[in-house]
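S.K.: Encoded as structure tokens, here's the structure I'll be asking about.
Computed from the coordinates by the stated procedures, all read-outs in this text should not be read as laboratory data. Predicted model, so just to flag it, every value in this text is computed and none were measured. Positions of Cβ are backbone-derived with ideal geometry, glycine not excepted, and every protein chain shown enters the neighbour counts.
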Amino acid sequence: MLEMRPGCECCDRDLPPDSPDARICTFECTFCSDCAERRLAGACPNCGGELLTRPRRPADKLAKYPASTVRVVKGEGVGRGEAGVGGRGLRQSPRHEATSGLEC
Ligand SMILES: [Zn+2]
Ligand SMILES: [Zn+2]
């Protein structure tokens, strides 16, 4: 089951579970459509995989299977299953850096 992460890893924009603008890779790195298309050219910066539209979860299913509330921004939480892939995004950066970064 998808985690349905609540925000873009790049710009921290809110991406609610019913948002049509959420994009995910196979590891569920989550980005908004702007970052995915304009900054990342459709490829995940963490693992290099494709970023595709995240399927929306119907409201009645959300009640039983709630979306994740754990915000992942710029690599926090990356490394569980993706350690060593590309070597990017594994740095532990403080939150305030993430908001200004264009790196991803
Ligand atoms: Zn974004
Ligand atoms: Zn990824």
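S.K.: With a point put 7 Å past each Cα toward its Cβ, work out how far Phe27 is from Arg39 in nm, to one decimal.
M.R.: Distance between the two pseudo-spin positions: 1.7 nm.
S.K.: Shape verdict for region 1-82, please, from the Cα gyration tensor: rounded (a/c under 1.5), prolate (a/b greater than b/c) or oblate.
M.R.: Here region 1-82 falls in the prolate category.
S.K.: How would you order 53-59, 6-12, 42-48, 23-29 from highest to lowest mean count of nearby Cβ atoms within 10 Å?
M.R.: Descending packing order for the listed peptides: 6-12, 23-29, 42-48, 53-59.
S.K.: Subtracting the Cα-Cα distance from 0.36 nm times the residue separation, let me have the gained length for Met1 to Val70 in nm, one decimal.
M.R.: Result: 23.3 nm gained on full extension.
S.K.: Could I ask something else about it? Below 8 Å, C-alpha to C-alpha, sequence gap of six or more: please give me the relative contact order for region 1-82 in percent.
M.R.: Relative CO of region 1-82 lands at 37 percent.
S.K.: For the charge dipole of region 1-82, defined by +1 on Lys and Arg C-beta atoms and -1 on Asp and Glu C-beta atoms about the Cα centroid, which residue among Leu62, Val72, Gly7 has the Cα displaced farthest towards the positive pole?
M.R.: Leu62
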